[in-house]
There are 2 protein chains.
Amino acid sequence: MHGCHCTGQRACAGTYSSVFVGTSLTRCDWKSQLKAGPGWGKWKQSLPNWDIITPIMCFRISINQLELELHHILPSLDCHIAVYSAMFYIIGLGLCDERDITVRGLEAVKSSSRVYLEAYTSILMVQKERLEAFYGKELILADRDMVETESDEILRDADREDISLLVVGDPFGATTHTDIILRARALKIPTRVVHNASIMNAVGACGLQLYNFGQTVSLVFFTETWKPDSFYDRIKDNSDLGLHTLVLLDIKVKEQSEENLARGRKIYEPPRYMSIPQAVSQLLEIEDMRKTGTLAADTTLAVAVSRVGGGEGNERIVAGTLAELAAQPAETFGEPLHSLVIVGKRLHHLEVAYAETFAVNRESWRGVAQSAYGCALDEQ
Amino acid sequence: MHGCHCTGQRACAGTYSSVFVGTSLTRCDWKSQLKAGPGWGKWKQSLPNWDIITPIMCFRISINQLELELHHILPSLDCHIAVYSAMFYIIGLGLCDERDITVRGLEAVKSSSRVYLEAYTSILMVQKERLEAFYGKELILADRDMVETESDEILRDADREDISLLVVGDPFGATTHTDIILRARALKIPTRVVHNASIMNAVGACGLQLYNFGQTVSLVFFTETWKPDSFYDRIKDNSDLGLHTLVLLDIKVKEQSEENLARGRKIYEPPRYMSIPQAVSQLLEIEDMRKTGTLAADTTLAVAVSRVGGGEGNERIVAGTLAELAAQPAETFGEPLHSLVIVGKRLHHLEVAYAETFAVNRESWRGVAQSAYGCALDEQ
């Protein structure tokens, strides 16, 4: 191979604010040859903000232009040039622990000069320290405020060095990260999303087919005076079509007591997670008001899931009627986060058979599936 | 620490057909101490199928019983015992290439004595050989027939050694793997699902909120005589609720020509993937028959996605009206697999803004969002 050829990661097909270049030349060769090259004077002039971070060079140029320019400066050298641009990574961590990150995600974390851990949309099953030990990186906690209002701080220098934001689940799962991606776009910072499992697809582990799910809903903590019930209409919409509904249960983090709030003290209450019995109680409370027959304690089947993918020691999947689930002690459902699936009438007998393993009471599970859902279980 | 303590991976809290035990004792110590222990005669009698695969021992026992028994046999020894059971792993590979496997999944692959790669539900962006090189393991291709009809061969010895089945996306994504899991359950083989991204959640990358998606549909290749159109009713159901619809486009692999089929020759045609223009054409063909106004060439917005998560070089997201998408050349949509999102009327102005980057024509994208979807874009 003769001349200068750009290879390597070419994710940066557009023009970005920064591109890094590494070569097969040694440090001395690279710098001296570059500066001795015939095009150097012109290039230096046209790219005043160049910088050599040997063997990496940082400048503002498109990849196509780069290839041409390097060929011009280093016409007689046999060398390979690996090109990559700095990147802002948003990395899904999956649902369980430090080992659920993808290999791609782990590589990005290791290449990043700052790594943020978003700690609000969900909770991890492991502590920050364990993640740090596994990744070999210090993590900067970023709460909701920070991701929403201080995105420029998170994105600082992301045009010149890799920066990662870690999020539980998938970056486009229950909470999306479109705001910070739009901001990165506006700043012309190349962004890469590293996908992972989220509860929106991993819920399939309960044996109900994802094809049979309608829209997902969130259920927030009711207070004495505030009982938002739009979720009910959505469950009803799904239910009328025979579809299952994934209900994501509320978490409260960084809550302040009224006294601390009044006194302006930034002291936060411990996090609260809605339990399955509480969720069932809220669902039935609204059913009692609306009386559409969408939900019924003894004839609506549901499946509670927590820590999906966490293995036998962590994952809990519990199936039963709403009344059965409400009657279970908290331990039955394991550690938070909890989600609840309301089973729709388009229930397939294979779904019944698969989820039966998780049933509080197998007979009643099968019985209700037959009597209230019309599943022909004898056909199995 | 005095006495015998079970530590290590205790995923196997139930009673399994096999458990492996490794100790901190050396090979000689372990065997001789075990056999010299006071409880050995009784244990040997009660567990006739024991086997020492030093420093690993294989037998049929529950973990709790094991701890008691070992304590009884080796009462005076200071040793740690790491316990784990053999496992059947179903591992999601995610959506792109060899680096999308999770660290947990990679560890399972490396510990497995046989690794199957399911090659039918979707296609990888990379070849089997590249996966093999990265994993350091030979992969056994398992097509649909094999996973469905030869699950016992896949599960062979999975009670005594780790076996992995790799699937593209998530094991509970568009195609579920409940059959083989049910079979493993029946054989009392402990199973662990390693989740990953699937198109069912990664589609959020197009900027449309997963909360606003209704049921997912599949669109199969029409033939002259067979045009199944139940997907249309589902799109209409979603559309009537204002919801987006993820449409998964058909792939045909291992098809035989009529001649080869007639002659019983197992010669297969090259794989076929439905293109976005073909999908749009089929959608509009059914709309023409049904005439419910659910879909309209010029006023229904849609987003084509392929190779989500594949980075700038691979991922393609293209937004426009159905007519605009149908008019694009094939290259616009990149390599298969393709999926299509039909945009529902509950479109939020932030969704419009985010997806605008991907629009064939930004003005028409915004124009239709305003006129046909009623999005108040000026509020941005």
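The values are calculated or read from the model by the stated rules, or taken from the named source; none is laboratory data. In this text the structure is predicted, and so the values were computed from the model without any measurement. Don't worry about glycine lacking a Cβ; one is built from the backbone with ideal geometry, like all the others, and counts go over all protein chains shown. Each accessible area value is taken on the protein alone, full model and side chains, heavy atoms only, with ligands, DNA and RNA left out. Shrake-Rupley method; radii C 1.70, N 1.55, O 1.52, S 1.80 Å.
Worth pointing out:
- Peptide packing for A:248-257, A:295-304 was compared via the average number of neighbouring C-beta atoms within 10 Å per residue; ordered from the highest value, the list is A:295-304, A:248-257.
- Interface residues in the stretch A:168-199 - accessible area drops by 50 Å² or more relative to the isolated chain, probe 1.4 Å: A:F172, A:R185, A:R192, A:H195
- Inter-copy separations for B:S113, label at 7 Å along Cα-Cβ, nm, ascending: 5.0
- The chymotrypsin sites (Phe, Trp or Tyr not before Pro) of the stretch B:128-234 meeting both criteria, a DSSP state outside H, G, I, E and B (loop) and at most 13 other C-beta atoms within 10 angstrom of the site's C-beta, are B:W226.
- Accessible surface, the stretch A:201-373, averaged per residue in Å² (probe 1.4 Å): 43
- Computed over the stretch A:147-280, relative contact order equals 17 percent, with contacts defined as Cα pairs under 8 Å that lie 6+ residues apart.
- Projected label distance in nm at A:A296 and B:E269, using a 7 Å step from Cα toward the beta-carbon: 4.9
- Calculated log₁₀ intensity ratio I(q)/I(0) where the Debye formula runs over C-alpha points of the stretch A:201-373, q = 0.08, 0.17, 0.18 Å⁻¹: -0.25, -1.02, -1.13
- At least 50 Å² accessible surface lost relative to isolated chain, residues of the stretch B:90-114 (1.4 Å probe): B:R99, B:V103, B:R104
- Inter-probe distance in nm under a simple model that places probes 7 Å from Cα toward Cβ, at B:Q127 and B:S364: 3.9
- Peptide B:340-348 - average C-beta neighbours from other chains (10 Å radius): 0
- Summed side-chain charge close to B:K252 - residues other than B:K252 whose Cβ falls under 11 Å, Lys, Arg +1, Asp, Glu -1: -1
- For A:A376, the point set 7 Å out from Cα toward Cβ sits 5.2 nm from its twins in the other copies, listed from shortest up.
- Net charge of neighbours whose Cβ lies under 12 Å from the Cβ of A:M200, counting Lys and Arg as +1 and Asp and Glu as -1: -2
- Surface composition of the stretch A:201-373: carbon plus sulfur atoms hold 48% of the accessible area, using a 1.4 angstrom probe and ignoring ligands, DNA and RNA.
- The length gained on full extension between B:E148 and B:F134, counted as 0.36 nm times the residue separation minus their Cα-Cα distance, comes to 2.3 nm.
- Beyond 31 Å in Cα-Cα separation lie the following of the pairs A:K345/B:K291; A:K227/A:K254; A:K137/A:K227; A:K345/B:K266; A:K236/B:K188: A:K137/A:K227; A:K345/B:K266; A:K236/B:K188.
- Per residue convex hull volume, Cα atoms of the stretch B:88-197, in Å³: 82
- With a simple spin-label model that places each label point 7 Å from the Cα along the Cα-to-Cβ direction, the separation between B:A262 and A:S281 comes to 7.1 nm.
- Chain A packed on chain B takes about 4900 Å² of accessible surface away from a 1.4 Å probe, both sides summed.
- Cβ-Cβ FRET estimate between A:E107 and B:S371, R0 fixed at 45 Å, reported to 0.05: 0.50
- Rounded to the nearest angstrom and listed largest first, the equivalent-ellipsoid semi-axes of the stretch B:218-308 from its Cα gyration tensor are 30, 15, 10.
- Per the rotation superposing chains A and B, the chain A residue found at the smallest beta carbon distance from the axis is A:N201, 2, distance in Å.
- In the stretch A:239-338, the chymotrypsin sites (Phe, Trp or Tyr not before Pro) that fall in loop regions by DSSP, at most 15 other Cβ within 10 Å: A:Y268
- Environment charge at B:P228 (Cβ cut-off 13 Å; Lys +1, Arg +1, Asp -1, Glu -1): -2
- Solvent-accessible surface (1.4 Å probe) assigned to A:I267 amounts to roughly 90 Å².
- Per-residue shielding of B:213-224, expressed as the average number of other chain Cβ atoms within 10 Å of the residue Cβ, stands at 3.
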